[in-house]
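Single-structure report; data block below.
Where a number appears in this text, it was derived from the coordinates with a stated rule and is not lab data. The shown structure was predicted, so the numbers you read here are calculated from the model rather than taken from an experiment. Ideal geometry is used to build each Cβ from the backbone, glycine not excepted, and the neighbour counts take in all protein chains shown.
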Amino acid sequence: MDRRTLLKSFVAAALAGCGPSPAETNRLRVVVAGAGIVGASIAYHLARAGASVTVIDRQGPATHASRGTFAWINATWAKQPRHYHALSQDSVTYWRELHQLLNLPVRWGGSLEWFDNDERQALLAEQIAEQVEWGEPARMASASEVAELEPNLSFDPGANAAYSPNDGAVDPVIATQRLLGAAERFGATVSFPCELLDASLSGGRLTSVETSAGSIEADRLVLATGAAPGLPGHIAEIEIPQRSTPGVITLTRPMPRIVNRIVAAPGVHLHQRDDGRVVLGEQEGAPENEAHALRLQARPNDFPDETVALQHGNRVREAAARYFADMAEAEIEAVYIGWRPLPVDGHPVLGPGPVRPDIYLAIMHSGVTLAPIVGQLVARELIEDEAMERLERYRPTRTFERIERY
Ligand SMILES: Cc1cc2nc3c(=O)[nH]c(=O)nc-3n(C[C@H](O)[C@H](O)[C@H](O)COP(=O)(O)OP(=O)(O)OC[C@H]3O[C@@H](n4cnc5c(N)ncnc54)[C@H](O)[C@@H]3O)c2cc1C
């Protein structure tokens, strides 16, 4: 058996959660830059497969998009076309396995979604029919069924809603921390604050990664740095066209149970975690005015002060109270800004840079849904050193068409 075949059999066994790791001398040294949920999952799968992994983050685990996210795990109608839907579907399935294996804080139970105009609602019904063709147990639920699923919801008795029973939602901060903790148990090192500054090459191959905390010898670097602008160009010599947009996520203090599932109502999304906290997101985003435009230019990760944060939180809470009366009494615990890492065609960017092939890019929206499958596939590509057909459509070298689905 040659080295590659031997390594592959080790990797397959290790990624299946059993069997030995590759021998110490064969260990691939990988630096994962970015300790959001995507970097954490890649680090976990790499470490589990026997790589020597160092995760670095300039601030800390789950401090950016993976904190300010709605964290809905789904393969619903917006996941287009079929290949991307199938990737999302496989990740939802794999979430169920990781949920058990690593005790991740996921609440399953599905989602309800509807719109407030007839034309869009008719399109939703068509999209749900397509979901069924694609193997999802989704259906349009009548108002009486909606009332059974969500007894506290004010819902038009003449309306209906899309019910997608497979969906779930996760506490993304705890999930990221648990993935990193599991990576550490497989020998990974997690270091923060530690900023990626540069990559050193010799003969075109990566030799070390330069950081604010010093140099780290490495064979591969994974850029899981989310929406951070300019990094792919600077580090990997490839620009990724992104149209990152900000979103506001509001978290309440723990409350008695109000909502059972993910509810995507016109204007507001919400779900309630097992710890009682309700997570609120909005569809349209903050009001567009000059003050906001100016503030957003600097891509803030936090509000300037608590008063401004609460203004945003109250706006979203009021929208939720139109559907769940008890939300009017909710106490706001935190309000986050999240910047979506969003390649312009809405699909993940996964693969080596064309100029610097030892630098692997992993930048995506819907990264909460996709983190498990992406972690598994990227770890296999890196360790087996072989391109996987399944990821070909997501390469950083593709032609990016601007498609707005979000
Ligand atoms: C408002 C909102 C709602 C969303 N809703 C959903 C949803 O319902 N479902 C879903 O699946 N997805 C959703 N998403 C998308 C999802 O949250 C992201 O795709 C995902 O969190 C991206 O994870 P990440 O690890 O790639 O990025 P991030 O979590 O942003 O992590 C990147 C990390 O890189 C670090 N970093 C940056 N530069 C450097 C550097 N130079 N050196 C070291 N570290 C660096 C940062 O500190 C950061 O911790 C939403 C996003 C937003 C903003």
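A few notes on this one:
- Fluctuation leader among 177, 100, 89 - the chain, Gaussian network, Cα springs under 10 angstrom: 100
- Globularity ratio of the chain, using Cα Rg and 2.2 N^0.38 Å: 0.99
- Structure remark: mean-square fluctuation, Gaussian network model of the chain, C-alpha springs under 10 Å; the largest value among 293, 218, 51 belongs to 293.
- Filtered trypsin sites (Lys or Arg not before Pro), the stretch 198-266: DSSP coil and at most 16 other beta carbons within 10 Å: 243, 257
- The fewest-to-most ranking of 282, 119, 239 by surrounding Cβ atoms within 10 Å reads 119, 239, 282.
- Principal semi-axes in Å for the stretch 181-326 [√(5λ), Cα gyration tensor, largest first]: 39, 21, 14
- Relative contact order computed over the stretch 258-388 (Cα-Cα under 8 Å; 6+ residues apart), in percent: 15
- Rule-of-thumb Rg ratio for the stretch 282-406 [Cα; 2.2 N^0.38 Å; N residues]: 1.41
- Structure remark: mean-square fluctuation, Gaussian network model of the chain, C-alpha springs under 10 Å; the largest value among 365, 99, 292 belongs to 292.
- Relative contact order computed over the chain (Cα-Cα under 8 Å; 6+ residues apart), in percent: 23
- In plain terms, the residue of 171, 302, 90 with the fewest other Cβ atoms within 10 Å comes first and the most crowded comes last, giving 302, 90, 171.
- Estimated translational D of the stretch 111-181 in µm²/s (Stokes, Kirkwood radius over Cα pairs; 4 °C; 1.567 mPa s): 94
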